[in-house]
1. Report the Cα centroid-to-centroid distance between segment B:66-99 and segment B:114-148 in angstrom, as an integer.
2. Any chance you could get the radius of gyration and Dmax over the Cα atoms of segment B:274-329, in Å?
3. Tell me whether segment B:230-278 comes out rounded, prolate or oblate; compute the Cα gyration tensor, take square roots of the eigenvalues as a ≥ b ≥ c, and use a/c under 1.5 as the rounded threshold.
4. May I ask you to derive the relative contact order of segment B:127-237, considering only C-alpha pairs under 8 Å and at least 6 residues apart, and to give it as an integer percent?
5. Over the Cα atoms of segment B:145-245, each weighted equally, I'd like the Debye log10 I(q)/I(0) at q = 0.12 Å⁻¹, rounded to two decimals.
6. To test your reading of the geometry: what angle, between 0 and 90 degrees and rounded to tens, separates the Cα axis of helix B:165-176 from the longest principal axis of chain B?
7. Who wins for biggest fluctuation among B:235, B:294, B:316 in a Gaussian network model of chain B, springs between alpha carbons below 10 Å?
8. From other protein chains only, count the Cβ atoms within 10 Å of every residue's Cβ in B:262-271, then give the mean.
């Protein structure tokens, strides 16, 4: 029994940690899929990519399954030895829930720190920004090679002019995000940031819900296993264990997501994700316009025109056919 | 390739289990298991995408319009029944499910029993199809296919066999063009979409509408709705059973190449999901799932209203008793909205949604049920 207790304690941390990781990973995959969705050109690509995504998720679920099984193996001897399995289980589940709540409060703290969020957001979009920034930098770099051979004098003069005549009065006024030539882009960036904050909040809510459902799924499994044990039909094989786990967890999942309050949390997340995507596209379109490249809106417009023309041609062909068949 | 990864990963995970349970002491079982894996790996290494063939019944394309193709399967009896049958499949997933492989083919069984069978393949919509509407699909492609079949078979009317979402489409079409539909067979077809205890409907917004998922926002954000998103939605209805548990049985079938290929064919079908044309998806989700307009008689296809009271032709409604995608209650609701004294028959099968196409028992009983019903109504 001694060794069993030791295993039990050792299991706590990695198990709950993995629980949370599996949830995060699953949703990271979800995001990746959403992002990749439009790029899936051929059915073969589709066939290959999704299983790969699932392979990653399965890796996490597999680890979770392993740890769950080990947890059950720890509970089982206690139950048979002194009947304290129920209490142990309760204690275990409470610890798990506490850890999930700690994770929750940590995430919420981040939500409250706007400066931190902004920094994080900038880091997230850095790759995107880099695309235009490097192009822009390379385009202005040759300006430094002025015929005079020394650009610094010019820069000093420029700075003097900027400080004295511009920054101290009109400049600060013009730096308002609602004014000036960058007004539109600033508005889009701020809008995207706003939607990103909302998405982060909605995602955190959703992850908490997922974690809670996983917790409840695990609790349902343990209740099922205890009930089996009391009927003298303890689960001993990994295969039966995983089958019971999958069924119990899916039942909890299904019931939870048929509840309106949970559907609203999920809906808020999906809608926030789509709003943010629209904002991203809007920013991207602004930059594409800057470089005189076609935007998605323009391509959509072309597609719509072709679609309408195609319909018109079909309709005309049909009428022509009817006229030819019945000339009178 | 994926399965190879999976097996290696599976071994990594499961070996500690086996060790824990003391299976290492059971040499015979361990060896047997290892043999299965090794033999299975040999089979896997020898397989590629071309080996996972689907749709084995000979057929010819008789009409094509844009990405849509109308196929006619080669009849296998000398004198098929005069009224041809057009299978209308869903836009979600591919229609070869009705002809997946030898021994698991609804089409092959219908042909053997003397039907003349046609099938619409809607194709894979691309960005250029983003503006296609339900009207284009029903009053356009489907209606033209019916005309083509009528012309080829010298018949004024044909039989429609609508499957799943294709069943809902067939109901709408038959309501708009009753003069062209001799008999209507619908299979696992959703009719009443307000099913709060069915996860697919709940997530689609049958109770909350845009609060559950704002379809306008989604279509505006994505244009076409990615097939992979839909796949994930379907898998998330039973995330562990569909995403994990089913793969744990793979080592047991890997050593048998035929069984492994059966599994891979089903995998191919499951993940072979076309993107959904944005405007069609918008209307279908909003009008059907979120506002349940079909049974209210409020669905508009173009400027024409779908009224289920127009369904004056004989109707056979087939549903699956354990269907987690289309609740039996959803299909059964059809009987409440038909005209009085309709020739309406209902038959159920003790399987789930997919079992309707591939279960051996259903494939033994379902095709004769359809053909017998049709023979009485030629």
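1. 12 Å
2. 13.7, 37
3. Oblate, because a/c is 1.5 or more while a/b does not exceed b/c.
4. 19 percent
5. Those come out to -0.60, one per q.
6. 0 degrees
7. Checking each option, the largest mean-square fluctuation is seen for B:235.
8. 2
Read the figures in this text as sums done on the coordinates, not as results from a lab. This structure is a prediction, so every number in the text was calculated from the model and none was measured. Methodologically, a virtual Cβ is constructed for each residue, glycine included, from the backbone with ideal geometry; neighbour enumeration extends over all protein chains shown.
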